[in-house]
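Read the structure below first, then the notes.
Rule-based calculations on the coordinates, nothing more; no lab input. Quick caveat: nothing in here was measured; it's all calculated off a predicted structure. Methodologically, a virtual Cβ is constructed for each residue, glycine included, from the backbone with ideal geometry; neighbour enumeration extends over all protein chains shown.
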Amino acid sequence: MALVDPRYLREGAEGVSVYDDLDYALQHARRNRTGLGRFVATIVIPDDGSIEVAKTMRNRRLFTVYAGPEQILELVQGRPIHAEGRSED
């Protein structure tokens, strides 16, 4: 039996998970006990088709963005927000 569902291999290898709502993303980050995902950044995805976005999981708010690290960083708007409410410099 595979440890990773083969349908989701691309998401793990090439994609970045994003939520469609800032408050929901912050709530999810607060519940994360591993320490990963404690910061949330707002990204703005252009509607010109240059960035691939797909609905990939069951959560209705969760999407996968397929882009390289440099492309994703260019999409960030403003400063990252710490899940506990602090803005990071």
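For the chain, a simple Cβ point-charge model (Lys and Arg +1, Asp and Glu -1, everything else neutral) yields a dipole of about 600 debye relative to the Cα centre. Short-range pairs are left out: with C-alpha atoms under 8 Å and at least six residues apart, the relative contact order of the chain is 33 percent.
List D20, D48, D5 from most exposed to least, where exposure is judged by having the fewest other Cβ atoms within 10 Å. By the 10 Å Cβ count, ascending: D48, D5, D20.
How large is log10 I(q)/I(0) at q = 0.20 Å⁻¹ when the Debye formula is applied to the Cα atoms of the chain, each weighted equally and without solvent? Debye curve over Cα of the chain, log10 I(q)/I(0) at q = 0.20 Å⁻¹: -1.09. Since only G37, V16, G78 are under comparison, the one whose Cα sits farthest along the positive direction of the charge dipole of the range 8-89, derived from C-beta charges on Lys, Arg, Asp and Glu, is G37. Residue exposure proxy: H82, H28, ordered by other Cβ atoms within 10 angstrom of their Cβ from fewest to most, comes out as H82, H28.
Based on DSSP H segments of at least four residues, each scored -39500 (n - 2.57), the chain has a per-residue ellipticity at 222 nm of -7000 deg cm²/dmol.
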